[in-house]
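The values are calculated or read from the model by the stated rules, or taken from the named source; none is laboratory data. Keep in mind that this is a model prediction, so the values were computed, not measured. Don't worry about glycine lacking a Cβ; one is built from the backbone with ideal geometry, like all the others, and counts go over all protein chains shown.
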Amino acid sequence: MQPEGLLTAREAARRLEIRLPTLYAYVSRGLLRSYRQGIKRQRLYRRAEVEELLRLQPTASGPASDRLPGRKGVWEIPLAESWVRD
């Protein structure tokens, strides 16, 4: 059982509509924070942080090297420290 307001990795990935490896990449790149649950390796994610990440919109600006072929916009996602509060 997890505390209210926290999501498991699967729940967070499902909410963001991404795969688990992508969720872990978001954490390693500082786009999202994870929190340890007990002594296990399980990591939890704050629902508010996941929802805030969902609110960010792709834009058409950004360096051309960041764009994928056929992609209309580039995700400009700020680091978690700039919009996440403890």
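Remarks
- Pick from the range 23-41, criterion assigned to a loop (DSSP other than H, G, I, E, B), in contact with a helix residue (DSSP H, G or I) (Cβ under 8 Å, 6 or more places away or on another chain) and not aliphatic (A, V, I, L, M), ranking: surrounded by the most Cβ atoms within 10 Å (Cβ to Cβ): 34
- Condition met for residue 82 (modelled with pLDDT of 90 or more, exposed (fewer than 13 other Cβ atoms within 10 Å of the Cβ) and among the hydroxyl-bearing types (Ser, Thr, Tyr)): no
- Search result, residues across the range 34-48 that are touching a strand residue (DSSP E or B) at 6+ places or on another chain (Cβ under 7 Å) and among the basic types (Lys, Arg): 36, 43, 46, 47
- Of the residues making up the range 1-21, those that are free of Cβ contacts under 8 Å to residues at least 24 places away in the same chain and under 15 Å from residue 56 (Cβ atoms) are 17, 18.
- First in the range 22-39 and on the phi > 0 side of the Ramachandran plot, second anywhere and surrounded by 16 or more Cβ atoms within 10 Å (Cβ to Cβ), Cβ under 9 Å, 6 or more apart: 30/80
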